[in-house]
Amino acid sequence: MNFMPNLKTASLNPKLIAGGHRLCPGCGLGVIVKQILSVTTDPVIVVNATGCLEICTSAFPQTSWRTPWIHSLFENTAAVASGIDAARKAFERKNKLAGKAKKMKIIAFAGDGGTYDIGLQALSGAIERGTDFTFVCLDNEGYMNTGYQRSSASPLGAATSTSPAGKILAGKQTARKDILAIVAAHHLPYAAQATPANHLDLMRKAKKAIDTKGPSFLNVFSPCPTNWKSASSVGMEICKRAVETNFWPLVEIENGKWKINYQPKNRLPIAEFLKEQKRFKHLFKKEGSESQKRLQIEVDERWQNLLQLAEIS
Amino acid sequence: MQKILNGNEAIAFAMKQINPDVVAAYPITPSTTIPEKFSEFVANGEVETEFVPVESEHSAMSACIGAAAAGGRAMTATASQGLALMHEVLVNASGLRLPIVLANANRALSAPLSIHGDHSDSLLERDSGWIQFFASSPQEAYDLTIQAFPIAEHEKVRLPVMVCFDGFETSHLSTNIEILSDTAVKKFIGKKKMDDSLFDFENPKTFGGYTTPDYFFEVKRGQAEGFESAKKVILEVGKKFGKKYSQPIEQFETADAEIILAVIGSAFGAAKETAKNLRRLGKKIGVIKIRTFRPFPSEAILQTVGKAKKIGILDRMVPLGSDGGVLFNEINSALSSTNYKPQTTNWIYGIGQRQFNPIHAEEIFGQLFSGKFEKINFVNLRG
């Protein structure tokens, strides 16, 4: 699998999601989905968890999807994909699959709520059962569709509507869950982390994930200007800073081997990631300075762990 | 052809003959031996089904949704807490109009924990948009499982079907069962039409989109119409299967009965036995059993109970804060549309598998004759 994304070729591939959708200006979701779907010419079935992407692309009687698409519930996306995969296997056994359906790929999209929190059990089960699909977590670090409540993907210190910055609490008090390590612990064939700003890296990983036989997982950082309270024009810049600060390392795990795809020469301080987003503004005040320190320590410690993992691999 | 099978084995055997595309299931007493038995069929290559051993009942029904949306025939089996955990997905499956078939071995709901039978699990799901059958014997459980797909997939119905049968009393009762040949089953259920499928890449479709207040109501009304059509389709399919199923209810000696007991499920046996014995003593009594619970067969019930002065309605769930059990309220609601006003009373029995034998049915008839009863009565309850 030495796929190198070619933007010219990718741009000629069928556009499975139409431009007409209701996502906010500057939202990362549409960009990411387009980048991921552009890397394959195989037929694709999209399974979508409840959330912004689902609401903004499927309002009856219109649809933005030019490919078979299903939304069932919030937490069962991976299980629905499992059922589709099972039907495919049964159809193959019964010789009921014709034409290009034989090459179909199943791609699930869920937010961080539908992945880290409410969807974790179904995801774990589907991976363990060897479901042949790609599960993409569109991680915007909270429940954005309901007005930014904290999820277990929300960073330490983030002010959300259920972890507001108050007089005695400076935003979210606990660290983010390490979903990539949790997924990797299932010993699946392929898992990776990416951002839409590093688009060639994302597209290469998407191609690898989609072409992998068996379960694969992508955790993609997705800017949410509406709830991060950042300008709609700086989403990609925030993605880049998430990478340059080591807040969001670009990594992949192939058959158990951890690989860091990019190491910043001079790691930027976490403040560079925080400062364009008003959800962190209290971290620059006296009452939040401790939280900012803790977040810096967490990011550095996790990076050190990652270096060790990559080295051991 | 006859075979000795218990209720669970009978359903597993029916599933084998149906040879569905996908079975997704999670173990739960008293339905566990259905997926156990079925995975033996899979392991021995006796079916072509893909078995999905999911990590929860929520995922079992979710996998069924994926498989059915792909155009496959999908089945599962569960009970009690499992059905309750599925609740959200049951409503979703019916809203998506997916013809999934589920076998439910009726069992009480916790707390306190009970692994034993009553109807509180499936009756809680009576408004989840599923056609509900209540079998009263392993034979009926088998027969109804075979009939389920032709009903569920009928173009005017397109609703999922739940075949309910009593945990232990039916699930673990071994009897001689009249089974169809594999070819007869194959012919009876026919091939599934693939008019809407996720696997149709030429005409891609969006399943389960978001609706605004402009459309949601119409979609739900469509489901209600599916139930209207189902009334006829259930009888058509039933008639084709066998004369017994040409009615949504079953009756015993109701024509001249002054007192009638109305039941769901396996209690029909005890009630019928008792009525038979009391008839010999000249008592004018009868029994009706509601087999199709959703859509509720109001007309058939009214036609059958027409002459009775008293109807004792048996509910195998405890009404909590309601003026009667589910069946009691349903039958009273049916009666409210007529001028015929028999005295209706509610008899709560068999909760958490409290014994219900002919002797208890006899007590109910006795009390109904003597007039010693309340509106809601608890059968075989201590204290």
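Read the figures in this text as sums done on the coordinates, not as results from a lab. Note that the coordinates shown come from a computational prediction; the quantities given were computed from them, not determined experimentally. Glycine also receives a Cβ, built like all others from the backbone with ideal geometry; neighbour counts cover every protein chain displayed.
For B:A70, the residues whose modelled amide H falls within less than 5 Å of its own, excluding neighbours fewer than 5 places apart on the same chain, are B:L198.
Mind jotting down the distance between the C-alpha centroids of region A:128-146 and region B:325-362, whole Å? Result: 48 Å between the Cα centres.
This model, with +1 at the C-beta of Lys and Arg and -1 at the C-beta of Asp and Glu, gives chain B a dipole about its Cα centre of some 1500 debye. Backbone amide hydrogens, once placed in the peptide plane, bring B:N346 within less than 5 Å of B:I313, B:I376, B:N377, excluding anything fewer than 5 places away on its chain. Applying the Karplus relation 6.51 cos²θ - 1.76 cosθ + 1.60 with θ = phi - 60° to region B:188-201 yields 3J(HN,Hα) values of 5, 7, x, 8, 6, 6, 10, 6, 10, 8, 5, 7, 8, 7 Hz, where x marks Gly and Pro. Placing a label point 7 Å from the Cα of A:D178 along the Cα-to-Cβ line, the residues of region A:258-302 whose backbone N sits under 17 Å from it are A:258-261, A:295-302. With the convex hull constructed from alpha-carbon coordinates only, chain A shows a mean projected area of 16.0 nm² over all directions. Counting every other Cβ atom within 10 Å of each residue's Cβ, A:C56, A:C137 order from fewest to most as A:C56, A:C137.
Express as a percent, rounded to the nearest 5, the fraction of DSSP beta bridges in the protein assembly as shown (both residues included) that run antiparallel. Antiparallel: roughly 25 percent of the beta bridges in the protein assembly as shown. Quick check: convex hull of the Cα atoms in region A:226-289, volume per residue, rounded to a whole Å³? Hull volume over Cα atoms, normalised by residue count, gives 114 Å³.
Charge tally for B:L123 (other residues, Cβ to Cβ under 14 Å; Lys, Arg +1; Asp, Glu -1): -3.
Local charge sum around B:L235 (other residues, Cβ-Cβ under 15 Å, Lys/Arg +1, Asp/Glu -1)? Summing Lys and Arg as +1 and Asp and Glu as -1 gives +4. Of B:E202, B:E299, B:E57, the residue with the greatest mean-square motion in the GNM of chain B, using alpha carbon springs below 10 Å, is B:E202. The packing ranking of peptides B:163-170, B:140-147, A:182-189, B:368-375, highest mean first, is B:163-170, B:140-147, A:182-189, B:368-375, where packing means the average number of other beta carbon atoms within 10 angstrom of each residue. With neighbours defined as other Cβ atoms within 10 Å of a residue's Cβ, the residues A:F135, B:F207 order from fewest to most as B:F207, A:F135. Each Cα pair under 8 Å and six or more residues apart adds its sequence gap; the mean of these over the residue count of region B:2-244 is a relative contact order of 24 percent.
Working from Cα pairs under 8 Å separated by at least six residues, relative contact order for chain A is 17 percent.
Reported to the nearest whole Å, the Cα centre-to-centre distance from region B:261-305 to region A:49-100 is 45. When both bridge partners sit in chain A, DSSP labels roughly 35% of those beta bridges antiparallel. Measuring how big the protein assembly as shown is from its alpha-carbon positions, Rg and Dmax come out at 28.9, 99 Å.
Averaged over the residues of peptide B:38-50, the number of Cβ atoms from other protein chains lying within 10 Å of each residue's Cβ is 2. Where is the GNM fluctuation largest for chain B (alpha-carbon springs, 10 angstrom cutoff): B:E88, B:E218, B:E125? Its mean-square fluctuation being the largest, the pick is B:E218. Please give the Cα centre distance for region B:116-162 versus region B:78-111, rounded to the nearest Å. If you average the Cα positions of each part, the centres end up 11 Å apart. The packing ranking, built from the mean of other Cβ atoms within 10 Å per residue, places the peptides B:242-248, B:37-43, A:216-222 in the order A:216-222, B:37-43, B:242-248, highest first.
Considering helices alone, the calculated mean residue ellipticity of the protein assembly as shown at 222 nm is -11500 deg cm²/dmol, with DSSP H runs of length four and up weighted by -39500 (n - 2.57) and normalised per residue. What the Cα convex hull of region B:2-244 gives, in volume per residue, is 124 Å³. Using alpha carbons only, the radius of gyration of region B:234-380 set against its Kirkwood radius gives Rg/Rh = 0.94.
Residues A:K265, B:K309 in ascending order of nearby Cβ atoms (within 10 Å, fewest first): A:K265, B:K309. Taking 30 Å as R0, compute the FRET efficiency from the Cβ-Cβ separation of B:E363 and B:K239 and round it to 0.05. It comes out at approximately 0.20. Other protein chain C-beta atoms within 10 Å of residue C-beta, averaged over B:207-219: 5.
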